[in-house]
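Data block below; observations after.
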Amino acid sequence: MNPYFFYAFATITVLMVVLMILQKNPITGAMCLIVSFFSLAGLYVLLEAHFIAVLQILVYAGAIMVLFIFVIMFLNLKKEDLKTGRRPFYQFAALIASGALVTFLVVQYTKIPPVSFPESVAGFGTVEAIGSLMFSKYVIAFEVIGLLLLVGIIGAVLLGKKENHD
Amino acid sequence: MDTQLLHFIIVTLKLVIPFAIILTFIPLLVWLERKGSAFIQDRPGPNRAAIMGIRLCGLIHPFADAMKLMFKEDIIPSQVHKFFYVLAPFIALSVASVTFLVIPFAAPMPFGGGVLSFQAANINAGVLYILAMTSMGVFGIMLAGWASNNKFARLGGLRSSAQMISYELSMGLAVISVIMWAGSLALNDIVSLQGANILRWNFIYDPLACLIFITAAFAETNRTPFDLPEGESELVAGYHTEYSSMKFSMFFMAEYANMVIASALIVTLFFGGWQIPFLDTNTFRTNADYYLYYFLVAAAVCCVILGTFLSIKFKKGRFGDKRDYEPLVFGVPAVVAGLAIFCLLVVLGRFPLPLEAANWIVAVCQIFTFLFKVLLMCWVFIWVRWTVPRIRYDQLMDLGWKFMLPLAMLNIVITAVRMLWQ
Amino acid sequence: MHPRSVDFEIHMHVSIHHYLVLAAVLFCLGLLGVIIQRNILIMLMCIEVLMNSINLTFIALARYYNQVDGHLVAIFVMAIAAVEAAIGLGIVISLFRNRQSIDINDFNSMRG
């Protein structure tokens with residue numbers, strides 16, 4: 001595993017997420033997020049999860065973010081729509097709290113013995129391995145997710161429908 | 001060190017050649033589109049651009065167009081979002097080119113103790129990678145539509161994104177039945193398993209999936225009858241209304257690049273990819289000298305016949321300018337080349353080929369078969385564009401969601417039943 | 001290989017910690033975004049970042065334990081993220097129709 005790739009992808013991911021949360025313009029934010037999704041897919045490739053990496057691009061960048069940008073364009077936001085109220089105290093408190101959470105998590109994680117990754121077994125992360133597990137051990141979860149998607153579709157249709165009051 | 005250098009060269013070539021192929025295909029397709037539309041509409045088509053009086057049936061026109069577009073003034077309107085306005089055409093073109101990297105051009109061949117695959121990246125989930133990358137192409141169009149800050153461009157971008165999301169579903173579902181037959185997501189396996197027999201190719205085996213996939217591919221590449229994002233009768237020019245010069249031409253090139261990729265994908269999945277009809281890779285490899293000999297004989301005969309035919313057509317004063325000499329420019333070299341090949345064959349006779357050379361000949365033949373199939377598929381795209389009118393937006397959505405999506409799902413069930421039956 | 005380069009590689013080795021810490025940082029950045037952003041669209045995107053950081057943790061640990069189960073959880077999380085985005089954006093559209101705003105502070109009263 002090449003450490004340079006890890007650091008490059010990690011830097012891009014974090015940088016783009018930081019840029020996104022400081023953005024006011026949702027399209028710029030969405031583009032930053034797409035770049036960070038791509039570098040996350042790169043990290044998944046480094047972790048030998050090729051299938052998940054492709055799914056990451058297909059689902060997140062190709063479907064979810066297209067939907068986001070579609071909605072942003074659909075709303076046709078003007079400059080004055082993008083102005084939102086600011087609360088400096090609130091932001092400061094949030095910064096402190098999330099900094100504390102990072103510190104806590106890092107301290108907890110470093111309690112794990114610093115072992116590097118073992119050699120991966122043959123066929124790790126391939127479509128076959130994932131598929132056979134999905135339709136045996138996780139088949140109920142798979143069905144439930146299917147049901148959830150159906151509920152999601154119905155919910156989205158109901159929400160998006162124009163109401164005819166009279 | 002030497003093997004390392006060889007490895008480096010092979011990888012570089014694998015990365016460069018797909019781009020080169022796409023860039024060669026684009027002017028060729030532009031020419032084919034203009035000449036094809038002229039043929040369908042019964043008019044001569046482009047034939048004015050000339051170099052030293054040689055017109056080449058309008059083949060000079062793409063180069064003239066390229067020169068014109070490069071030297072035009074590059075206008076960036078004042079109301080646009082500059083960064084995304086400039087970025088959008090680059091995204092459109094680069095995404096289109098990256099997709100080509102996983103397409104297999106020929107059968108993997110034994111080479112220097114290892115296996116040389118004619119595919120830049122043989123990834124485990126090749127089909128999914130292509131679906132993911134084609135869905136990235138929409139970002140270029142959407143960003144162009146948004147950054148132009150123009151209502152027509154915005155409407156074009158909106159239409160494009162909605163269309164892309166809708167048709168991606170039927171495209172993915174149509175591919176599933178192909179994957180079920182092949183039992184693999186790797187494109188090279190899908191091609192290998194189709195075999196050399198045309199009757200075993202997926203478009204015979206699974207015609208419904210083929211139809212759905214081709215229709216969805218038309219929608220994904222924004223070609224007529226689904227070219228609503230740039231429908232010029234309603235939206236001026238759609239998402240590239242505000243673009244000019246090289247930036248416009250990048251969108252234009254991206255459209256053709258997408259067409260090449262869609263054709264390559266259709267050919268790979270449904271029309272046997274690099275498989276030469278009725279000529280198995282192994283049979284071809286063992287009998288390469290035999291096939292090569294008779295192919296060269298046939299080629300020589302064709303050259304001589306064609307060249308003679310062209311040379312006969314030469315008549316001074318037919319047009320009264322240098323166009324008179326066009327038949328001769330092609331005819332005489334063709335005759336000479338044909339005769340030369342013939343003499344060479346007679347002198348050399350049938351000679352046995354070393355194994356390496358046979359492998360290379362097979363690979364080259366397969367690459368050209370594949371490219372020829374892709375060109376034919378591109379012609380289908382052009383043919384449909386100049387035959388079928390653009391459909392209305394609600395019809396587009398109805399077709400995608402209410403007709404093709406259920407049909408694609410039904411096809412998966414049918415495939416499953418057929419697989420159980422066998 | 002040169003002895004010094006071996007030494008260098010040991011120091012540069014990427015362990016499970018690197019990935020977990022990165023995921024933690026991403027999670028906290030997403031959380032920070034949800035809290036400080038008032039733009040409802042970017043808040044939804046921050047929730048996607050949260051889900052991605054969880055995915056990264058799962059996949060890193062799947063690689064660590066050499067078990068594919070983590071990948072499956074990641075796939076399920078992706079499906080949930082898709083549903084969440086679809087529903088969330090539907091809500092955003094209907095809210096925008098009522099209030100002509102995407103500021104979360106404008107949605108604090110129940111009456112429409």
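The values are calculated or read from the model by the stated rules, or taken from the named source; none is laboratory data. In this text, all values refer to a predicted model and were calculated from it rather than measured experimentally. Please note: Cβ atoms are built from the backbone with ideal geometry, for glycine as well, and neighbour counts cover all protein chains shown.
All but one of (1) touching a Ser or Thr at 6+ places or on another chain (Cβ under 7 Å); (2) outside any helix (DSSP H, G or I) hold for B:Leu353; state the number of the condition that does not hold.
(1)
Just need a number here: residues in region B:183-224 that are at pLDDT below 85 and of a type in the set (Gly, Ala, Ser).
The qualifying residues number 6.
Only one residue in C:Ile54, C:Ile59, C:Ile47 is crowded, with 21+ Cβ neighbours inside 10 Å and within 18 Å of the chain's Cα centre (by Cα). Which one?
Unique residue meeting the criteria: C:Ile59.
Taking B:Asn222 as the residue in question, decide whether it is closer than 26 Å to A:Gly131 by Cα and under 22 Å from the mean Cα position of the chain (by Cα).
The answer is no for B:Asn222.
Residues being in a loop (DSSP other than H, G, I, E, B) and without any contact (Cβ under 8 Å) to a residue 60 or more places away in the chain: count how many of those fall in region B:177-235.
Matching residues across region B:177-235 total 2.
Report yes if A:Val59 is assigned to a helix (DSSP H, G or I), among the β-branched types (Val, Ile, Thr), more than 8 Å from every other protein chain (Cβ to nearest Cβ) and surrounded by 14 or more Cβ atoms within 10 Å (Cβ to Cβ), otherwise no.
Answer is no for this residue.
Looking only at region C:65-97, filter to residues that are in contact with a Phe, Trp or Tyr (Cβ under 6 Å, 6 or more places away or on another chain) and at the interface with chain A (Cβ under 7 Å from one of its Cβ atoms); which one of those is surrounded by the most Cβ atoms within 10 Å (Cβ to Cβ)?
That would be C:Ala74.
Criterion first (at pLDDT 85 or above, within 22 Å of A:Tyr4 (Cβ to Cβ), at the interface with chain A (Cβ under 7 Å from one of its Cβ atoms) and assigned to a helix (DSSP H, G or I)) does C:Leu22 satisfy it?
yes
Looking at B:Leu131, B:Leu116, which one is in contact with a strand residue (DSSP E or B) (Cβ under 6 Å, 6 or more places away or on another chain) and either within 12 Å of another protein chain (Cβ to nearest Cβ) or aliphatic (A, V, I, L, M) (or both)?
Checking each option against the conditions leaves just B:Leu116.
Would you mind telling me which numbered condition in (1) in contact (Cβ under 8 Å) with a residue 60 or more places away in the chain; (2) closer than 21 Å to A:Met73 by Cβ; (3) more than 8 Å from chain A (Cβ to nearest Cβ) C:Leu41 fails?
(3)
Given A:Pro88, A:Pro26, A:Pro3, which one is within 13 Å of chain B (Cβ to nearest Cβ) and either surrounded by 16 or more Cβ atoms within 10 Å (Cβ to Cβ) or over 20 Å from the mean Cα position of the chain (by Cα) (or both)?
Unique residue meeting the criteria: A:Pro26.
Can you name the residue in region A:38-56 that is more than 7 Å from every other protein chain (Cβ to nearest Cβ) and either in a loop (DSSP other than H, G, I, E, B) or touching a Phe, Trp or Tyr at 6+ places or on another chain (Cβ under 7 Å) (or both) and, of all such residues, is farthest from B:Asn124 (Cα to Cα)?
Among those that are more than 7 Å from every other protein chain (Cβ to nearest Cβ) and either in a loop (DSSP other than H, G, I, E, B) or touching a Phe, Trp or Tyr at 6+ places or on another chain (Cβ under 7 Å) (or both), it is A:Ser39.
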